[in-house]
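Asks: Encoded as structure tokens, here's the structure I'll be asking about.
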Amino acid sequence: MNKSNFDIIVVGAGHAGIEACLAPSRLGLKTLLVTTNLDRIGYMSCNPSIGGLAKGHMVREIDVLGGQMGQTADQTCIQFKRLNSSKGPAVRGTRTQNDKHLYSDMQKKIISEQENLSVLQGEVKKLILKNNECVGVVLHDGSEIFSKKVIITTGTFMNGVMHVGLEQTAGGRVGDAASVGISDQLASLGFVVQRLKTGTPARLHKDSIDWSKTTPQVGDEKFYPFSFKSDRNFYLPQILCYLSYTSEKTHDIIRANLDKSPMYCGIIEGVGPRYCPSIEDKITRFADKIAHQTFLEPEGLTSDLIYLQGISTSLPQDVQDQFLRTIAGLENVKVVRYGYAVEYDFIEPTQIHHRLETRPIKNLFLAGQINGTSGYEEAAAQGFIAGVNAAHSVLEKPEFILERDQAYAGVLIDDLVTKGTREPYRMFTSRAEHRLILREDNTIDRLSEISRKLGIVSEKQLDELNIIKEKREKLFADLKEKVIYPKAETNALIVSMGSSALLKPATAEEFLRRPEINFPHLTALGFKYEPDEVVTEAVEIQVKYSGYVKRQYEVIEQSKKMENFEIPKSIQYSEIKGLSKEEVDKLNRVIPRTLGQAARISGVNPSAIQAIMVYLKGADKRSKELGIEKFKTSTAAQ
Amino acid sequence: MLPLDKDQQTICALATPAGAGAISVVRISGDQAKDIILAACPGLKNKNIESHKAYFTKLKNDKNENIDEVVVTYFADHKSYTGESSAEISCHGNPLITEKILNRLHQLGARSADRGEFTYRAFMNDKIDLVQAEAVLSVIESQTENALKVSLRQLEGKTSKEFLAIESEMIWCLAHIEASIDFSTEGLDVVDQNILIQKLKKIKQDLQKMIDSHKSGKILKDGLKIVFTGQPNVGKSSLLNQIVEKEKAIVTEIAGTTRDVIESATIYNGLKIIVCDTAGLRETKDVVEKIGVEKSLLEAASADICIYVFDASAGITKDDEKLILNIPNKKVLFVANKSDKLAPHVLLGSRTETTKKLQSLAQEKPCFDQNNLLFLSALDQSCRDQLLLNITAEFKNLDFLNESLISSARQFEMSQNAELAVSNVVLELEQNAGSEFIAQTLKGALLSIQKILGHSFDDQIMDRVFKEFCIGK
């Protein structure tokens, strides 16, 4: 390997790193992936599953754009679920349980077979900088590798400390050393570096569990793969997961040992995620809850290990042994690996641009947990965007930014770089104000044209997507054209469908808007269509959602003004009256492109936004814009 | 040189009414306020002036000659009304002195404040919210005691508090709806649909209360407008003069004397009452009178209450009926004037007959109430009380101190939007619509309330979710 001549170096081979190195190498750039452990490429350090609400959306989004996660998740899926299937399509989410070893193996294989991509085992200790530009990395052995761009995706490894009870060991994950050097260097360069905390539950031996005391959980029979390239049949045999509960006894034991929890005696300073509290947290904050659910999830088809979802803990091993045995089915459980908490450095993400390049250091990109996120999907989405932007930067192409109304990946990055985060950031559907149009079913409609411009997905595959898109458009047009007349026999048929009779002619599209009507009903009324679910489902959703989507736009329209209100780069926040020093600092750090972004920065108050708007609009229009022209009629001295 | 941005400049203005008085107060606010004061009052230069303390000193011009002996009260940054460094200069109440002081302050770098600019700055510096900012204006503009009470209540933040309570309840509902979407696999105790509906109905009620209060709020602030209308020469102008207790309108025996709209005001039981006299309504060829008649109808349309005056001895004639039916839909008080001319038994008969006529008119115009009928005489001084008592009856029981009244059109409009959206949410819940739709509608309602308060959307909902629910990945 010629160590000195790469376009892009990616540091870290987790879920962010994989996408970050695949995207540029697929675009033809010479890319190097550096990882401390070749056996842990694409490793699922925590739960053995991909997707979930809002997360599944992101997997689909990067899949259409040319990401890898969806395909690998599909092919290693051992239980499939479409979450919220009883709710509306916008908030449905795909989730797969995965064989974690097969997942990791497949990612490793993809990477080793990828053209233009080299892999190197080693630890990056330092970045090589020249005039505030990153030009390469220094390895543990002192060797230097040069490149045009560097993407760091080191996850929880930067100054990682693992806690079990009051004991601490340096490391980013059990069995892996922490990486020391990069975050200290970044801090010395003036980056704000902070601590976060996350945790993982114990892994149990499957043969030590009394399964009869648990409730089996079946997956869905119908598979809706993440990737448009995947087969619509399962690749692997499907398994069961199991449900069990903690008891009062569990809670008593934990309560009695809280003084041995590093979270509770002040050893851990990092902020943990509120949506993923440890079991210690749960019983303390929700003291009146008598039982907490836990899912027992096999880590693979051949694995002996069971992941105990929802019971992450950092209590000492003997206490874990004690309390685990009070959970139904775990009376004689054998723990293979104990739960632990890990504390790590992250870079305050308001210090990076939307393209994920850092503001202070050119050619340096950050993606994944290093930016304060949590979750494989959040990491992959950032990795992909960082990879594309690093590549575009080499190729001197414009930056690649997804907007908040185009993709969850766009919401994710906009939130991070404008608001920052105080806890590990996880995506939720409620974070997306455009939720009703950011659906899994319309991912290809939203992103296939953008994908064509990106050029990672092959033309041939995009043409296939286009066919689906065109079929959807045609079906929609047909629905608008077909008129159903309120003839007696037609209405009799409609009533027999449990709907109400037509009073005047209606198009099939209007008729399909009725909640109780779907495509098979239209067949009975003589409407002809090709019953391909990939086509019909999306069209039906589009038809049924139209009224609400309109209402959503009305609400958004009110804030859109702010979104389109550009803030000139030359703005001097310190000159604007009415901004606190903290607000000025935050605005200077984030450098929002629009007033809308400025409004989302946490800690910047609405009155500050108004002050900026007033400042930008000039003094004359001020009173009118604020709707306080009435002040003019008051006495001056008030 | 003054900073380019107006908001950065230091402002000053006379805070007390212009003219002579015992003392006058000049206010100054802005970054340079302290420096300017120290420059104008050399006696303070070597003193370390502290916030909220008054200093007796001499204010001097650029030639070091005394302008006046003054008391300067200094307010430090963040501790003042505007949130900026500011001061109040109490001087002798002579317009020549205040002018000299203001000139001196201008010379030292302050500019004259625009109208309302001190309050504008208080809002910009987050010292008050929008509702309070509006209240400041009301406090200044209040012309009656009750209006003042309502405004002060808003300024204290009591109205804001009620909107805040509504906002908080909305966020609670939204948090529960969002949690049921984003954490559906967490085994949460999802809130019962009926509890949500109950809560939302209560929110709707509270909003309705705010909306309803606007009418009273507006009347308290702007006054109650009553407009006299009727045929010529029935005594409308005499009644107006009685109400405002002065000879405002010219009264003659000649029909059609009043041609333009005459407006005057009085205060009764703490309410400001604006009284308008209009040209009597009749077919006329006189160009001036014709315009007057048209104006009368327009004026009637803008009234809170119309008073239709007719001659008690003539009763409601066919012409009257035509005119009455032309009055815009609103509360109408029917006044039979000149009833002193009728003998008691005739009066009784006339009353019965008029009531009957009104009853039949009410069938065509349901806004009429035959009980809104008064027999009186404009020559009798007690007619003022009779009229005003009747007009203000519905506001008698308003508890000005304990009820929040919204008086701004902006708050009214936003409350209406919110109420409509909440009604839709309830409907959607009852029809079992998807949670994501319900959330969408509720967000619209919340947005309106947050606009009233000048709040932003931000992460309040998620914060609430995490507070309420035990959620684990």
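Asks: Taking region A:161-192 as the region of interest, how many residues are part of a strand (DSSP E or B), hydrophobic (A, V, I, L, M, F, W, C) and out of contact with any Phe, Trp or Tyr (no Cβ under 8 Å at 6 or more places or on another chain)? Spell out the reasoning first.
Replies: Just the residues of region A:161-192 that are part of a strand (DSSP E or B), to begin with: A:161-164, A:167-170, A:173, A:176, A:179.
In the following step, the residues that additionally are hydrophobic (A, V, I, L, M, F, W, C) were identified as A:161-162, A:164, A:170.
Cutting the leftovers down to out of contact with any Phe, Trp or Tyr (no Cβ under 8 Å at 6 or more places or on another chain) gives us A:170.
Residues that pass the stated criteria total 1.
Asks: Taking A:A341 as the residue in question, decide whether it is crowded, with 24+ Cβ neighbours inside 10 Å and modelled with pLDDT of 95 or more.
Replies: Considered against the rule, which asks whether it is crowded, with 24+ Cβ neighbours inside 10 Å and modelled with pLDDT of 95 or more, A:A341 comes out as no.
Asks: Quickly run through region A:280-299 and pick out the residues that are within 20 Å of A:S261 (Cα to Cα) and either at the interface with chain B (Cβ under 8 Å from one of its Cβ atoms) or among the charged types (D, E, K, R) (or both).
Replies: Result: A:E280, A:D281, A:K282, A:R285, A:F286, A:H292.
Asks: Considering each of A:F157, A:F191 in turn, give the residue that is more than 14 Å from chain B (Cβ to nearest Cβ), aromatic (F, W, Y) and more than 26 Å from A:P298 (Cα to Cα). Break it down stepwise before answering.
Replies: Numbers: A:F157 fails: more than 26 Å from A:P298 (Cα to Cα).
Only one candidate qualifies: A:F191.
Asks: Hey, any hits in region A:285-292 for a residue that's in a helix (DSSP H, G or I) and either over 25 Å from the mean Cα position of the chain (by Cα) or surrounded by fewer than 21 Cβ atoms within 10 Å (Cβ to Cβ) (or both)?
Replies: The answer is yes; a qualifying residue exists.
Asks: Do any helices (runs of 4 or more DSSP H) entirely within region A:562-638 hold 1 or more residues that are at pLDDT below 80 and over 35 Å from the mean Cα position of the chain (by Cα), and if so, which?
Replies: Details: elements: A:581-590, A:595-600, A:606-617, A:622-625.
Because the criterion is at least 1 residues that are at pLDDT below 80 and over 35 Å from the mean Cα position of the chain (by Cα), the helices (runs of 4 or more DSSP H) in region A:562-638 that meet it are A:606-617, A:622-625.
Asks: Could you please let me know if B:I211 is assigned to a helix (DSSP H, G or I) and surrounded by 17 or more Cβ atoms within 10 Å (Cβ to Cβ)? Walk me through how you get there before you give the answer.
Replies: Numbers: assigned to a helix (DSSP H, G or I): yes; surrounded by 17 or more Cβ atoms within 10 Å (Cβ to Cβ): yes.
Yes.
Asks: A:Y340 is checked against (1) in contact with a helix residue (DSSP H, G or I) (Cβ under 8 Å, 6 or more places away or on another chain); (2) more than 14 Å from chain B (Cβ to nearest Cβ); (3) among the hydroxyl-bearing types (S, T, Y) and fails just one. What number does that condition carry?
Replies: Every listed condition holds for A:Y340 apart from (1).
Residue-by-condition table, conditions (1) touching a residue at least 24 places away in the same chain (Cβ under 8 Å); (2) farther than 24 Å from B:K221 by Cβ:
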| site | (1), (2) |
| --- | --- |
| B:Q242 | yes, yes |
| B:A249 | yes, yes |
| B:D260 | yes, yes |
| B:Y268 | yes, no |
| B:K285 | no, yes |
| B:E294 | no, yes |
| B:A303 | yes, no |
| B:I316 | yes, yes |
| B:K331 | yes, no |
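Asks: Something else: I'm told B:D192 meets every condition in (1) within 14 Å of chain A (Cβ to nearest Cβ); (2) of a type in the set (D, E); (3) over 16 Å from A:G88 (Cβ atoms) except one. Can you identify the failing condition by its number?
Replies: Going through the list (1) within 14 Å of chain A (Cβ to nearest Cβ); (2) of a type in the set (D, E); (3) over 16 Å from A:G88 (Cβ atoms), B:D192 breaks only (1).
Asks: Could you list, in sequence order, all residues of region A:487-503 that are part of a loop (DSSP other than H, G, I, E, B) and surrounded by 12 or more Cβ atoms within 10 Å (Cβ to Cβ)?
Replies: Step one: filter region A:487-503 for residues part of a loop (DSSP other than H, G, I, E, B), giving A:487, A:497-503.
A:M497, A:S499, A:A501, A:L502, listed by residue number.
Asks: Something else: Considering only region A:204-245, state which residues are more than 16 Å from A:N332 (Cβ to Cβ), surrounded by 14 or more Cβ atoms within 10 Å (Cβ to Cβ) and of a type in the set (K, R).
Replies: Passing the criteria: only A:K229.
Asks: Identify, from the list A:V91, A:V64, A:V137, the residue that is buried (at least 22 other Cβ atoms within 10 Å of the Cβ) and over 27 Å from the mean Cα position of the chain (by Cα). Please lay out each step first, then the result.
Replies: Values: A:V91 fails: over 27 Å from the mean Cα position of the chain (by Cα); A:V64 fails: over 27 Å from the mean Cα position of the chain (by Cα).
So the residue among A:V91, A:V64, A:V137 that is buried (at least 22 other Cβ atoms within 10 Å of the Cβ) and over 27 Å from the mean Cα position of the chain (by Cα) is A:V137.
Asks: Within region B:1-83, which strands (runs of 3 or more DSSP E) (wholly inside it) include 3 or more residues that are closer than 30 Å to A:Q572 by Cβ and within 14 Å of chain A (Cβ to nearest Cβ)?
Replies: Details: elements: B:11-14, B:23-29, B:53-60, B:66-75.
Those strands (runs of 3 or more DSSP E) span B:11-14, B:23-29.
Asks: Moving to a separate point now. Taking A:A73 as the residue in question, decide whether it is small (G, A, S), crowded, with 22+ Cβ neighbours inside 10 Å and over 17 Å from the mean Cα position of the chain (by Cα).
Replies: Working: small (G, A, S): yes; crowded, with 22+ Cβ neighbours inside 10 Å: yes; over 17 Å from the mean Cα position of the chain (by Cα): no.
For A:A73, the condition - small (G, A, S), crowded, with 22+ Cβ neighbours inside 10 Å and over 17 Å from the mean Cα position of the chain (by Cα) - is not met.
Asks: For region A:357-366, what are the residues that are touching a residue at least 60 places away in the same chain (Cβ under 8 Å) and either in contact with a strand residue (DSSP E or B) (Cβ under 8 Å, 6 or more places away or on another chain) or crowded, with 23+ Cβ neighbours inside 10 Å (or both)? Steps first, answer last, please.
Replies: Looking only at region A:357-366, we keep the residues that are touching a residue at least 60 places away in the same chain (Cβ under 8 Å), and these are A:358-366.
Residues satisfying the conditions are A:T358, A:R359, A:I361, A:K362, A:N363, A:L364, A:F365, A:L366.
Asks: I would also like to ask the following. If you go through region B:63-72 one residue at a time, do you hit one that is under 25 Å from B:N125 (Cβ atoms) and free of Cβ contacts under 8 Å to residues at least 24 places away in the same chain?
Replies: From region B:63-72, those under 25 Å from B:N125 (Cβ atoms) are B:72; that's our starting set.
With free of Cβ contacts under 8 Å to residues at least 24 places away in the same chain added as a condition, the list becomes none.
Within region B:63-72 (the criterion being under 25 Å from B:N125 (Cβ atoms) and free of Cβ contacts under 8 Å to residues at least 24 places away in the same chain), the answer is no, since none of the residues qualifies.
Residues are listed down the side, and each one gets a yes or a no for (1) crowded, with 16+ Cβ neighbours inside 10 Å; (2) modelled with pLDDT of 90 or more; (3) in contact with a Cys (Cβ under 9 Å, 6 or more places away or on another chain):
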site	(1), (2), (3)
A:I467	no, yes, no
A:E470	no, yes, no
A:L479	yes, yes, no
A:P531	no, no, no
A:Q542	yes, no, no
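Asks: Working carefully through the options B:R121, B:R111, find the one that is over 15 Å from B:V26 (Cβ atoms) and among the basic types (K, R). Steps first, please.
Replies: Working: B:R111 fails: over 15 Å from B:V26 (Cβ atoms).
It is B:R121.
Asks: Quick check on B:S90: is it crowded, with 16+ Cβ neighbours inside 10 Å, in contact with a strand residue (DSSP E or B) (Cβ under 8 Å, 6 or more places away or on another chain), farther than 22 Å from A:Y615 by Cβ and within 12 Å of chain A (Cβ to nearest Cβ)? Break it down stepwise before answering.
Replies: Details: crowded, with 16+ Cβ neighbours inside 10 Å: yes; in contact with a strand residue (DSSP E or B) (Cβ under 8 Å, 6 or more places away or on another chain): yes; farther than 22 Å from A:Y615 by Cβ: yes; within 12 Å of chain A (Cβ to nearest Cβ): no.
Considered against the rule, which asks whether it is crowded, with 16+ Cβ neighbours inside 10 Å, in contact with a strand residue (DSSP E or B) (Cβ under 8 Å, 6 or more places away or on another chain), farther than 22 Å from A:Y615 by Cβ and within 12 Å of chain A (Cβ to nearest Cβ), B:S90 comes out as no.
Asks: Do you know which residues across region B:238-256 are of a type in the set (S, T, N, Q) and closer than 23 Å to B:I273 by Cβ? Explain how you work it out, then say what you get.
Replies: So in region B:238-256, the residues of a type in the set (S, T, N, Q) come out as B:238, B:241-242, B:252.
Answer for region B:238-256, where residues must be of a type in the set (S, T, N, Q) and closer than 23 Å to B:I273 by Cβ: B:S238, B:N241, B:Q242.
Asks: Quickly run through region B:433-446 and pick out the residues that are modelled with pLDDT under 85 and either assigned to a helix (DSSP H, G or I) or more than 8 Å from every other protein chain (Cβ to nearest Cβ) (or both).
Replies: Residues of region B:433-446 modelled with pLDDT under 85: B:433-434.
Selection gives B:A433 alone.
Asks: Run down A:L296, A:L324 and say which single residue is surrounded by 21 or more Cβ atoms within 10 Å (Cβ to Cβ) and more than 27 Å from the chain's Cα centre (by Cα).
Replies: On the way: A:L296 fails: more than 27 Å from the chain's Cα centre (by Cα).
Result of the check over A:L296, A:L324: A:L324.
Asks: Which condition number in (1) buried (at least 22 other Cβ atoms within 10 Å of the Cβ); (2) within 14 Å of chain B (Cβ to nearest Cβ); (3) touching a Leu at 6+ places or on another chain (Cβ under 8 Å) is the one that A:A381 fails?
Replies: (2)
Asks: Identify, from the list B:L59, B:L38, the residue that is in contact (Cβ under 8 Å) with a residue 40 or more places away in the chain, in contact with a helix residue (DSSP H, G or I) (Cβ under 7 Å, 6 or more places away or on another chain) and on the phi < 0 side of the Ramachandran plot.
Replies: On the way: B:L38 fails: in contact (Cβ under 8 Å) with a residue 40 or more places away in the chain.
It is B:L59.
Asks: Of the numbered conditions (1) over 22 Å from the mean Cα position of the chain (by Cα); (2) within 14 Å of another protein chain (Cβ to nearest Cβ); (3) under 30 Å from B:K127 (Cα atoms), B:S184 fails exactly one; give the number of that condition.
Replies: B:S184 satisfies all of (1) over 22 Å from the mean Cα position of the chain (by Cα); (2) within 14 Å of another protein chain (Cβ to nearest Cβ); (3) under 30 Å from B:K127 (Cα atoms) except (3).
Asks: Here's another thing I want to ask about it. Which strands (runs of 3 or more DSSP E) does region A:61-140 wholly contain that include 3 or more residues that are more than 30 Å from B:I438 (Cα to Cα)?
Replies: On the way: elements: A:77-83, A:93-98, A:117-121, A:124-130, A:133-139.
The strands (runs of 3 or more DSSP E) meeting that bar are A:77-83, A:117-121, A:124-130, A:133-139.
Asks: Taking region B:447-464 as the search range and keeping residues that are touching a Phe, Trp or Tyr at 6+ places or on another chain (Cβ under 9 Å) and within 10 Å of another protein chain (Cβ to nearest Cβ), which one is modelled with the highest pLDDT? Steps first, please.
Replies: Taking region B:447-464 as the starting set, the residues that turn out to be touching a Phe, Trp or Tyr at 6+ places or on another chain (Cβ under 9 Å) are B:447, B:449-450, B:452-454, B:462, B:464.
Among the residues that remain, those that are also within 10 Å of another protein chain (Cβ to nearest Cβ) are: B:447, B:450, B:453-454, B:462.
Numbers: B:L447: 85, B:Q450: 82, B:L453: 77, B:G454: 67, B:M462: 60.
For region B:447-464, the residue satisfying everything is B:L447.
The values are calculated or read from the model by the stated rules, or taken from the named source; none is laboratory data. Keep in mind that this is a model prediction, so the values were computed, not measured. Note: ideal-geometry Cβ built from the backbone for every residue, glycine included; neighbour counts use all protein chains shown.
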